[in-house]
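The structure appears right after this line, and notes come after that.
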């Protein structure tokens, strides 16, 4: 008869996210994970596999949750411009308040494209967010709320780049006011041109 798990898998995975987020993949030892997750070595292997598989599971959960939050933020805003503002300003404030930066960005910087599975997880989440951005931008253009001459796909990539830049700037020590000013400046690039 199989033994039932004696720990909360989601809670353990959240703990692993915290360790990987703080120390990166290479800087995290199995012992650090076991301590943070409050589980034994065999439970780790039986439930998650090895350290790399746990890292992939942690990264997947993190980017899925983060992406869902951003897509919801865009969808619930009273207008597309408000949605873009919510995303950019929210990110600026969140980035300033967490010295660890963003787990997804950290994984990108540490592993780049050297790990195809990590790249796939990150790109999958980015594609979902990019699609939501494109919908919001197209709606804003159709309503005359955003500049109709904006290339939607380029604009969506611009927002992604701004979010990454905010995360990196925060890790370099930029304060909330500086990051918010950057976010608001970026948002103005969507405004309709008046002649």
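The values are calculated or read from the model by the stated rules, or taken from the named source; none is laboratory data. Quick caveat, the model's predicted, so the values are computed rather than measured. Every residue, glycine among them, receives a Cβ derived from its backbone with ideal geometry; neighbour counts consider all protein chains shown.
Going by the conditions given, is residue 108 out of contact with any strand residue (DSSP E or B) (no Cβ under 8 Å at 6 or more places or on another chain) and closer than 30 Å to residue 58 by Cβ? Yes: the conditions hold for residue 108. Filtered by the rule that a residue be more than 14 Å from the chain's Cα centre (by Cα) and at pLDDT 85 or above, the range 94-110 gives a lone residue, 110.
Filter the range 133-161 down to residues that are surrounded by fewer than 20 Cβ atoms within 10 Å (Cβ to Cβ) and in contact with a helix residue (DSSP H, G or I) (Cβ under 6 Å, 6 or more places away or on another chain), then give me how many there are.
Within the range 133-161, the subset surrounded by fewer than 20 Cβ atoms within 10 Å (Cβ to Cβ) is 134-135, 138-139, 141-145, 147-149, 151-154, 157-158, 160-161.
Filter again for in contact with a helix residue (DSSP H, G or I) (Cβ under 6 Å, 6 or more places away or on another chain), leaving 134, 138-139, 145, 148, 152.
Residues flagged as surrounded by fewer than 20 Cβ atoms within 10 Å (Cβ to Cβ) and in contact with a helix residue (DSSP H, G or I) (Cβ under 6 Å, 6 or more places away or on another chain) within the range 133-161 amount to 6.
Looking across the range 73-94 at every residue that is free of Cβ contacts under 8 Å to residues at least 12 places away in the same chain and part of a helix (DSSP H, G or I), the one that is farthest from residue 170 (Cα to Cα) is identified as 76. The residue of the range 22-45 that is nearest to residue 115 (Cα to Cα), among those that are exposed (fewer than 13 other Cβ atoms within 10 Å of the Cβ) and over 25 Å from the mean Cα position of the chain (by Cα), is 31.
Is it the case, given these coordinates, that residue 118 is surrounded by fewer than 18 Cβ atoms within 10 Å (Cβ to Cβ) and either out of contact with any strand residue (DSSP E or B) (no Cβ under 7 Å at 6 or more places or on another chain) or free of Cβ contacts under 8 Å to residues at least 12 places away in the same chain (or both)? First the steps, then the outcome.
Values: surrounded by fewer than 18 Cβ atoms within 10 Å (Cβ to Cβ): no; either out of contact with any strand residue (DSSP E or B) (no Cβ under 7 Å at 6 or more places or on another chain) or free of Cβ contacts under 8 Å to residues at least 12 places away in the same chain (or both): yes.
Here the answer is no, as residue 118 does not meet what is asked.
Of all the residues in the range 60-72, those that are in contact (Cβ under 8 Å) with a residue 40 or more places away in the chain and either within 22 Å of residue 169 (Cβ to Cβ) or over 13 Å from the mean Cα position of the chain (by Cα) (or both) number 5.
Checked against (1) modelled with pLDDT of 95 or more; (2) within 18 Å of the chain's Cα centre (by Cα); (3) farther than 16 Å from residue 91 by Cα, residue 130 meets all criteria but (3).
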